[in-house]
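Everything below concerns the one structure shown next.
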Amino acid sequence: MLFKNYKTLFLKDLISIYDDKEIESFFFLILEKNHQLKRIDLALNPELELSESQLQEWNAILDQLKNQKPIQYILEETYFYGLPFYVDKNVLIPRPETEELVELIISKNLNFQQSNNLKILDIGTGSGCIAIAIAKNIPNASVFAIDVSQNALEIAKRNAQLNEVEVTFLQKNILEIDDLKQQFDIIVSNPPYVRNMEKAEINKNVLEYEPHLALFVEDNDALLFYRKISELAKKSLSPSGQLYFEINQYLGASTVELVQSFGFENIELKKDIYGNDRMISCDNVEN
């Protein structure tokens, strides 16, 4: 079968689930991943054919897309802050909003790029996307990353190697420790923050495939991780050290109040590209 003919069938089979632009994006992502061909290659070679084995591979991917499995998990790759990342069911797929958090940290710390002493900690690292992107862009910093999941940490280590950066990865349950035992200049976290009551707003492709451990918190204590991390950060941040969070869009004011209660100052609540409250930055103050 010709690629161009299969593309028509591909669109027809998925149009009831996805919009046509998204389907076309899927098609060309698969084309590049599995055949090292780009859109222009297909345009210049309209008679390119799929072999029988290639057709079976495409049909298997098509079936997964029909079940709304994320394309990133199917291809086991995605891009974050311009860098390639391996992803599977053990880690969340990095979001554009989190790229904004990374950009905020990097832009506020450009003056520290020549410092050999800047120490940065990412809590709940998952795929390692935040820690690795920061390590890549602030190359003289010492970057550490914590996660409770050993499977996630193995993926994060793989991604650090893929992107040729050094990050120290540690397996810890942040809720079970009382002291980070080191001092850091920056602590950042994108912890679980989706309340169970919000599951109805979550798309099937997220709800059925992405790890719930990294997504959800109980309705009656939605700021559990923010409270614990703020407590640890207050002890472990250097004087004038910085704390950054990605947050639940509905809990911006509550999260601001929480970090304020721990004595953090210069608190900024920032919106993401979609206009939702999504990030908090604040500074430690020496007593």
Distance between modelled label sites at Leu224 and His212, nm, 7 Å Cα→Cβ extension: 1.3
Work out the charge dipole of the chain with +1 on the Cβ of Lys and Arg and -1 on the Cβ of Asp and Glu about the Cα centre, then indicate which of Ile105, Gly241, Val165 is farthest towards its positive end. Val165
In what sequence, largest accessible area first, do His35, His212 appear using a 1.4 Å probe? His212, His35
Name the longest site-free stretch of the chain, where the excluded sites are trypsin sites (Lys or Arg not before Pro) in a DSSP loop with no more than 16 other beta-carbon atoms within 10 Å. 182-287
Take the Cα of Val148, step 7 Å along the line toward its Cβ, and report every residue of the range 192-206 whose backbone nitrogen sits under 19 Å from that point. 192-199
Post the alpha-carbon centroid distance, the range 57-129 to the range 206-241, in whole angstrom. 18
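Rounded to a whole number, what % of the accessible area of the range 1-116 do carbon and sulfur atoms account for, probe 1.4 Å? Walk me through the numbers before you get to the answer.
Details: 3190 of 6520 Å².
C and S atoms contribute 49 percent here.
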Provide the per-residue ³J(HN,Hα) series for the range 160-175, in order, calculated from phi with Karplus coefficients 6.51, -1.76, 1.60 and θ = phi - 60°, each as a whole number of Hz, with x at glycine and proline positions. 5, 5, 4, 9, 6, 10, 9, 9, 8, 9, 10, 8, 8, 8, 4, 6
If the chain between Tyr79 and Asp178 were fully extended at 0.36 nm per residue, the gain over the current Cα-Cα distance would be 32.2 nm
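To the nearest 20 debye, what is the magnitude of the charge dipole of the chain about its Cα centre, counting +1 on the Cβ of each Lys and Arg and -1 on the Cβ of each Asp and Glu? Display every interim value, and only then the final one.
Working: 28 positive and 44 negative charges, 43 e Å.
Using only the charged Cβ atoms, the result is roughly 200 debye.
What is the diffusion coefficient of the chain in µm²/s, taking the Kirkwood radius over Cα pairs and the Stokes-Einstein relation at 10 °C with a viscosity of 1.306 mPa s?
Details: Rh = 20.5 Å.
D, rounded to a whole number, is 77 µm²/s.
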When we measure straight from the Cα of Lys33, which aspartates and glutamates land under 13 angstrom away, once same-chain ones fewer than 8 places off are left out? Glu57, Glu76, Glu77
Estimated dipole of the range 1-124 in Debye, rounded to 20 [Cβ of Lys and Arg +1, of Asp and Glu -1, Cα centre]: 220
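Using the scaling law 2.2 N^0.38 Å as the reference, what is the normalised Cα Rg of the range 12-75? Walk me through the intermediate numbers first.
Working: Rg = 11.8 Å, N = 64, 2.2 N^0.38 = 10.7 Å.
Its radius of gyration relative to the 2.2 N^0.38 Å reference: 1.11.
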Taking the dipole about the Cα centre of the range 11-92, with the C-beta of Lys and Arg at +1 and of Asp and Glu at -1, give me whichever of Ala43, Leu31, Gln64 is farthest to the positive side. Gln64
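At most 15 other Cβ atoms within 10 Å plus a DSSP loop assignment makes a site exposed; report the longest stretch of the chain without any exposed GluC sites (Glu not before Pro).
Numbers: sites that count: Glu47, Glu76, Glu164, Glu166, Glu208, Glu218, Glu286.
The answer is 77-163.
Based on the Cβ-Cβ distance of Glu52 and Asp20, what FRET efficiency does E = 1/(1 + (r/R0)^6) give at R0 = 35 Å, to the nearest 0.05? Kindly include the intermediate steps, with their values, before the conclusion.
Details: r = 28 Å, r/R0 = 0.79.
For R0 = 35 Å, the calculated efficiency reads 0.80.
Of all the accessible heavy-atom surface of the range 188-287, with the other protein chains kept in place and a 1.4 Å probe, what percent is carbon and sulfur?
Values: 2220 of 4750 Å².
C and S fraction of accessible area: 47 percent.
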Show the residues, 5+ positions off or on another chain, whose built amide H is closer than 5 Å to the amide H of Leu121. Phe144, Ile186, Ile187, Val188
Longer than 29 Å from Cα to Cα, which of Lys66/Lys157; Lys7/Lys271; Lys4/Lys199; Lys136/Lys199; Lys89/Lys172 are they? Say none if no pair is. Lys66/Lys157; Lys7/Lys271; Lys4/Lys199; Lys136/Lys199
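Can you work out the FRET efficiency for the pair Glu231 and Asn67, with r the C-beta to C-beta distance and R0 = 30 Å, to the nearest 0.05?
Efficiency, from the Cβ-Cβ distance: 0.10.
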What do you get for Rg/Rh over the range 35-117 if you use C-alpha atoms and the Kirkwood form of Rh? 1.16
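Under a 1.4 Å probe, what is the accessible area of the range 50-197 per residue, stated in Å²?
Working: 6750 Å² over 148 residues.
Value returned for the range 50-197: 46 Å² of accessible area per residue.
The values are calculated or read from the model by the stated rules, or taken from the named source; none is laboratory data. Everything quoted here is computed from the prediction, not taken from an experiment. When we count neighbours, we look across all protein chains shown, and the Cβ atoms used for this are built from the backbone with ideal geometry, even at glycine. Areas reflect the complete protein model, heavy atoms only, side chains present, ligands, DNA and RNA absent. Shrake-Rupley method; radii C 1.70, N 1.55, O 1.52, S 1.80 Å.
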